[in-house]
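**Q** The structure follows.
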Amino acid sequence: MNKQTVMDLVSPRLKLIRTEMDYTQDQMAEIIGISKKTLVQLEKGRQEIGWATAVVVCALFRESALLRSVMGDDPIELAERLYMKKFIQEKQQRVRLLIGGRRSDNGSNINCNSIRRVDIIVL
C-alpha cells in the first residue's frame with residue numbers, strides 16, 4: 001500500500017465517516033482543518049483529498065469502524081508506516097553510500113582495506 005492508496009481509500013468514504021461519527025459538514029470541516037466548501041467538494045468527488053488531510057482523518061477518526069474495515073486495526077499506524085518508509089529507505093541508502101567505500105574520479109572503486117559494504121537497517 002502507498003500514499004495514493006490511502007488517499008483513494010479515505011476520500012470516497014469521507015461523507016460516510018462523517019455520518020458515522022454524527023458530525024455536520026461544518027463540524028467535520030473544522031475538526032479536520034479545511035473549509036466547508038473543500039469538504040463538500042471532497043465528499044462529492046470533485047476534488048481529491050491531499051495526503052495531509054487523509055492522515056488527519058486517519059488520526060482523528062481512528063476509531064471509525066468504516067476506516068478500520070478498509071485500512072486495518074489502526075489507520076494512523078498504516079499512514080505512519082507509509083510516511084516513515086520513504087525516510088527510512090533514504091537513510092538506509094545514505095548509510096550504504098557512506099559505508100560502501102569511495103570512488104575515484106574515473107568512477108572505479110578505491111580499495112579501502114577495512115571498509116566493506118554493510119547494510120544497516122534503521123528502525
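**Q** May I ask you to list pairs of residues, at least six apart or on different chains, whose Cβ atoms are under 8 Å apart, with the first in the range 35-61 being among the β-branched types (Val, Ile, Thr) and the second being not in a helix (DSSP H, G or I)?
**A** Thr38/Gln47; Thr53/Gly33; Thr53/Ile34; Val56/Gly33; Val57/Ile49
**Q** Would you confirm, using the coordinates I've provided, whether Arg18 is among the basic types (Lys, Arg), assigned to a helix (DSSP H, G or I) and surrounded by 14 or more Cβ atoms within 10 Å (Cβ to Cβ)?
**A** Spelling it out, Arg18 is indeed among the basic types (Lys, Arg), assigned to a helix (DSSP H, G or I) and surrounded by 14 or more Cβ atoms within 10 Å (Cβ to Cβ).
**Q** Further, regarding this structure: Please count how many residues of the range 46-66 are small (Gly, Ala, Ser), modelled with pLDDT of 90 or more and either crowded, with 16+ Cβ neighbours inside 10 Å or not in a loop (DSSP other than H, G, I, E, B) (or both).
**A** Here the count works out to 4.
The values are calculated or read from the model by the stated rules, or taken from the named source; none is laboratory data. What you are looking at is a predicted structure, and each value in this text was computed from that prediction instead of being measured. We place every Cβ from the backbone using ideal geometry, glycine too, and count neighbours over all the protein chains shown.
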